[in-house]
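Asker: Before we start, here is the structure in question, set down as structure tokens.
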Amino acid sequence: MTEVDLQGWIGRSRVTRDTIDANQLAKIAATLDCPVPALDEATSLPPGWHWAYFPDITPLSGIGRDGHQALGEFLPPITLPRRMWASGDLKIARPLSIGETVDKTSTILSVEEKQGRTGKLVFVRVGHEFAGNRGGNMREDHQIVYRDAPVPGAVQPKPMLPPHEPDRSVTLTASPVQLFRYSAITFNSHRIHYDVDFCRDEEGYDGLIIHGPLTATLLMDLACRQAPDRQLKTFGFRALSPLTHIHEFSLHIGATDENSFGLWACNHRGELAMTADAVMT
């Protein structure tokens, strides 16, 4: 697949409609093991929970070897075998609410090929606009990275360490049951989250991969608990290295000014797995 072919996918767009259903919201709360919000129309959808709505509903005949929707439908047909959620940037003008019907317009914004330290990379950036019939309004830029298959014995990138001491930290584990539930409520059939043999034998990981959106949601929740009297307005995150279910991981937050926070997630060795910035108003 040439660069010209890949560039031809830029500008492709589709619209997905969903209703912010209270039953689905209760399933998210149970998966995160947190209290269920009030299930009425006055309740705003907590930050990050929108990822459990607007699923790609693909028949089994349209699924690729890794469990994802086969490429070439909406996303470009990139031949690199591994894909990960690389980064995201969420802007919440007005939160979505329970019972609201929302149109999500997704557009491929860019396709960029690079040569990384571990092989070829392709980054696909997708913009999502959320418009609800009650005024809910959000914007999300989502970047996916496609990578070569792992090379046995290849030199790994040098781990990155946290930027500074946090104001608050929590240590967590993610069980296979929780990862299965999160895959189920997000209709995500990517095998790296539930098929440990596939993780180890095909993609070179030592355990099930914790979903990038799940880690980002937990960081958003930490920001909201740090400033409970304010609302999250913007949240940007970048995934740096995978977290797996066989080890503990930790979440950290530190204020950068009155309304802004820096957040990060670390693996069991204290190395950075995700960094994020949140603005609360």
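Asker: Can you confirm whether Ala42 is open to solvent by 20 Å² or more (accessible area, probe 1.4 Å), assigned to a loop (DSSP other than H, G, I, E, B) and closer than 22 Å to Lys233 by Cα? Can you show your working first?
Answerer: Numbers: open to solvent by 20 Å² or more (accessible area, probe 1.4 Å): yes; assigned to a loop (DSSP other than H, G, I, E, B): yes; closer than 22 Å to Lys233 by Cα: yes.
Judged against the criteria, Ala42 is a match.
Asker: On to the next question. Of the numbered conditions (1) touching a residue at least 12 places away in the same chain (Cβ under 8 Å); (2) open to solvent by 50 Å² or more (accessible area, probe 1.4 Å); (3) under 17 Å from Ser241 (Cβ atoms), Phe123 satisfies every one except a single condition; which is it?
Answerer: (2)
Asker: Tell me the residue from Gln115, Gln69, Gln178, Gln143 that is among the polar types (S, T, N, Q), free of Cβ contacts under 8 Å to residues at least 24 places away in the same chain, surrounded by 15 or more Cβ atoms within 10 Å (Cβ to Cβ) and on the phi < 0 side of the Ramachandran plot, please.
Answerer: Working: Gln115 fails: surrounded by 15 or more Cβ atoms within 10 Å (Cβ to Cβ); Gln178 fails: free of Cβ contacts under 8 Å to residues at least 24 places away in the same chain; Gln143 fails: free of Cβ contacts under 8 Å to residues at least 24 places away in the same chain.
From the options Gln115, Gln69, Gln178, Gln143, the qualifying one is Gln69.
Asker: Determine which member of the set Ser87, Ser61 is open to solvent by 20 Å² or more (accessible area, probe 1.4 Å), polar (S, T, N, Q) and touching a residue at least 60 places away in the same chain (Cβ under 8 Å).
Answerer: On the way: Ser61 fails: touching a residue at least 60 places away in the same chain (Cβ under 8 Å).
Within the list Ser87, Ser61, the selection yields Ser87.
Asker: Just the residues that are surrounded by 13 or more Cβ atoms within 10 Å (Cβ to Cβ) and within 24 Å of Glu129 (Cα to Cα), please, taken from the range 10-26. I'd like the intermediate steps shown before the answer.
Answerer: Step one: filter the range 10-26 for residues surrounded by 13 or more Cβ atoms within 10 Å (Cβ to Cβ), giving 10, 12, 16, 18-22, 24-26.
Ile10, Arg12, Thr16, Asp18, Thr19, Ile20, Asp21, Ala22, Gln24, Leu25, listed by residue number.
Asker: Then there's this: Picking from Val102, Val177, which residue would you name as being assigned to a strand (DSSP E or B) and among the aliphatic types (A, V, I, L, M)? Please lay out each step first, then the result.
Answerer: Values: Val177 fails: assigned to a strand (DSSP E or B).
Of the residues listed, the single one that is assigned to a strand (DSSP E or B) and among the aliphatic types (A, V, I, L, M) is Val102.
For (1) among the charged types (D, E, K, R); (2) in contact with a Pro (Cβ under 7 Å, 6 or more places away or on another chain); (3) open to solvent by 70 Å² or more (accessible area, probe 1.4 Å), each residue gets a yes or a no:
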position	(1), (2), (3)
Val170	no, no, no
Thr173	no, no, yes
Ser183	no, no, no
Phe187	no, yes, yes
His190	no, no, no
Asp195	yes, no, no
Cys199	no, no, no
Tyr205	no, yes, no
Ile210	no, no, no
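Asker: Among the residues of the range 201-209, is there at least one that is in contact with a helix residue (DSSP H, G or I) (Cβ under 8 Å, 6 or more places away or on another chain), modelled with pLDDT of 95 or more, closer than 30 Å to Gln7 by Cβ and of a type in the set (Val, Ile, Thr)?
Answerer: Yes, the range 201-209 contains at least one residue that is in contact with a helix residue (DSSP H, G or I) (Cβ under 8 Å, 6 or more places away or on another chain), modelled with pLDDT of 95 or more, closer than 30 Å to Gln7 by Cβ and of a type in the set (Val, Ile, Thr).
Asker: Go through the range 213-271 and count every residue that is buried (at least 19 other Cβ atoms within 10 Å of the Cβ) and hydroxyl-bearing (Ser, Thr, Tyr).
Answerer: So the count comes out to 3.
Asker: Another question, then. What number of residues within the range 220-273 satisfy the criterion of being assigned to a helix (DSSP H, G or I), among the basic types (Lys, Arg) and either farther than 15 Å from Val170 by Cβ or in contact (Cβ under 8 Å) with a residue 24 or more places away in the chain (or both)?
Answerer: Qualifying residue count for the region: 0.
Asker: With the requirement that a residue be of a type in the set (Gly, Ala, Ser) and under 30 Å from Val111 (Cβ atoms), what does the range 10-46 give you?
Answerer: First pass over the range 10-46, keeping only residues of a type in the set (Gly, Ala, Ser): 11, 13, 22, 26, 29-30, 38, 42, 44.
Result: Gly11, Ser13.
The values are calculated or read from the model by the stated rules, or taken from the named source; none is laboratory data. Just so it is clear, the model here is predicted, and its values are computed rather than measured. A quick note on method: Cβ atoms are made from the backbone with ideal geometry, for glycine too, and the neighbour counts reach across all protein chains shown. Each accessible area value is taken on the protein alone, full model and side chains, heavy atoms only, with ligands, DNA and RNA left out. Shrake-Rupley method; radii C 1.70, N 1.55, O 1.52, S 1.80 Å.
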